[in-house]
């Protein structure tokens with residue numbers, strides 16, 4: 001979050017809005033069953049957006065619209081400064097203010113898929129937003145889940161409110177409303193159209209389409225996808241047993257929240273007064289808490305603590321922040337090798353037990369990125385069987401106290417300061433980073449460890465480059481970088497004290513920011529590498545002077561060989577299942 005946003009938080013009165021809203025008309029693509037009009041939505045823009053600028057897409061249920069239940073409340077909550085999320089709540093065609101459907105089949109799931117596709121295209125291509133979450137209510141949840149399975153498994157968070165698991169039971173519900181619906185080729189129902197409730201005919205083909213999905217296919221979504229399910233226990237439309245089925249299917253990827261007195265739309269009736277009671281604010285709090293950065297970070301750490309049955313964190317006595325860089329799933333279905341590349345904080349304090357641990361990990365070489373000054377102040381190390389290569393950044397590897405202070409002051413500025421320092425690392429680290437990548441290219445059978453002082457900044461940039469070359473997604477790279485916060489926590493107080501000696505009189509937040517390793521900072525740096533350097537490949541080609549063939553070799557040496565994928569997965573070595581896409585329909 002920028003300093004302007006922080007200042008705004010300090011001076012802005014509590015009642016002041018944290019957002020602006022605009023009505024948007026989203027054109028629909030062909031083939032379409034609508035000849036005119038648009039998909040109508042409300043885009044909520046936070047005053048202080050998070051980074052990367054991220055949006056939650058909200059999808060209503062059968063007969064609903066963009067502002068019913070909790071949608072508007074949720075949009076405003078997500079825009080609060082602590083979250084800083086955009087949101088787009090929209091009317092499916094045939095609902096609310098959106099275009100009519102001109103099809104004898106009614107509003108089928110395929111029609112919903114077209115609308116979701118066009119909305120995602122709009123927020124991604126026109127608004128340049130990262131789709132953080134799909135939030136679906138009832139039929140909207142069913143459509144969102146099925147769309148993700150069939151067409152787009154890049155969406156990291158899916159929120160299911162009152163969504164049906166046993167889709168085939170929609171037939172039973174329609175039959176209770178109209179016992180002759182199949183003979184009549186449809187039934188009548190009340191839906192929201194143009195700001196009022198209208199009674200319209202629902203063709204039987206629409207019901208058949210809703211009854212068709214096998215929701216067990218949701219398990220095909222990547223292991224990195226997180227799911228939240230929210231149900232009211234007094235729901236008379238859908239059995240609460242469906243929520244249990246989602247929970248059992250998705251395991252530790254899934255969070256289930258139940259609201260005891262709430263119905264399908266999260267309301268209730270006070271038995272004494274007859275007044276309507278709303279639980280929608282409770283739904284909003286549940287979703288906002290679950291989607292908050294600290295919750296996403298916690299889920300990521302819990303899920304990625306191990307590579308197969310082996311912990312990612314390595315216990316090397318006397319060395320902080322030591323972990324395996326392997327195990328990450330690439331966007332092409334391959335995996336980063338485990339047991340080959342390790343990263344850590346400085347190793348001058350390694351004990352005899354720590355040396356034995358390094359030997360057990362088969363680490364034969366270390367790349368020390370510290371400056372000559374840091375080595376002089378903190379010491380070097382000698383470990384039998386491990387070759388230390390001193391590869392300090394810069395022309396001569398010397399960094400004065402003044403340069404150290406300048407870099408730390410820049411880091412204290414937050415995300416923008418980190419970007420300034422990390423961009424400088426790319427410029428002065430050419431020889432250092434090239435040496436490490438040459439080792440990957442030439443000696444793929446020799447495991448090694450990279451470290452600087454804290455193991456988060458200089459080490460973080462080269463590790464990000466390695467994962468980018470391997471085609472690991474930016475979210476995973478940024479979260480892997482963020483792990484350093486936890487890798488350093490045992491010595492955090494001492495390190496803070498050490499830095500404080502350089503900045504007497506500075507506030508604690510100043511020091512805390514210097515020591516941070518945030519998702520936002522690395523995500524911003526990845527964007528800069530992509531836009532200013534031509535991606536990791538462009539950096540290796542144009543700055544490190546590798547050839548295209550070198551890059552292919554480096555990538556293949558970082559990844560598990562294709563021929564070993566099935567064997568490794570069957571042995572439980574890789575901690576994520578490979579996604580096997582089902583046949584895609586044409587949109």
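Estimated from helices alone, the mean residue ellipticity of the chain at 222 nm is -11000 deg cm²/dmol (sum of -39500 (n - 2.57) over DSSP H runs with n ≥ 4, per residue). Quick one: if the Förster radius is 25 Å, what FRET efficiency do residue 360 and residue 387 give, using the C-beta to C-beta distance and rounding to 0.05? Rounded to the nearest 0.05, the efficiency is 0.90.
List 259, 57 from most exposed to least, where exposure is judged by having the fewest other Cβ atoms within 10 Å. Walk me through the numbers on the way to the answer.
On the way: 259 19, 57 25.
Ranking 259, 57 by Cβ neighbours within 10 Å, fewest first, gives 259, 57.
Residue order for 257, 185, fewest other beta carbons within 10 angstrom first, comes to 185, 257. Peptides 313-321, 189-197, 243-251, ordered by how many other C-beta atoms sit within 10 Å of their residues on average, highest first, read 313-321, 243-251, 189-197. Helix 548-558 and the longest principal axis of the C-alpha atoms of the chain enclose an angle of approximately 80°. Between segment 406-485 and segment 350-367, how far is it from one alpha carbon centroid to the other, in angstrom? Result: 21 Å between the Cα centres. Working ranking of peptides 520-532, 38-50 by packing, defined as the average number of other Cβ atoms within 10 Å per residue, highest first, is 38-50, 520-532. State the Cα centre-to-centre distance between segment 51-125 and segment 370-390 in whole Å. Value for the Cα centre distance between the two parts: 56 Å.
Relative contact order, percent, of the chain when contacts are C-alpha pairs under 8 Å separated by at least 6 residues?
It rounds to 12 percent for the chain.
When you count the other C-beta atoms within 10 angstrom of each residue and take the mean per peptide, 64-72, 214-222, 447-455 line up highest first as 447-455, 64-72, 214-222. Annotation: the residues 418, 62, sorted from fewest to most other C-beta atoms within 10 Å of their own C-beta, follow the order 62, 418. Which one, (1) 1.08; (2) 1.19; (3) 0.94, gives Cα Rg over 2.2 N^0.38 Å as derived from the coordinates shown? Correct label, based on the coordinates given: (1).
Computed from Cα atoms, the angle from the helix 519-532 axis to the main principal axis of the chain rounds to 80 degrees.
Rule-based calculations on the coordinates, nothing more; no lab input. For clarity, every value in this text was computed on a predicted model and none was experimentally measured. Cβ coordinates were reconstructed from backbone atoms using ideal geometry, including for glycine residues, and neighbour counts include every protein chain displayed.
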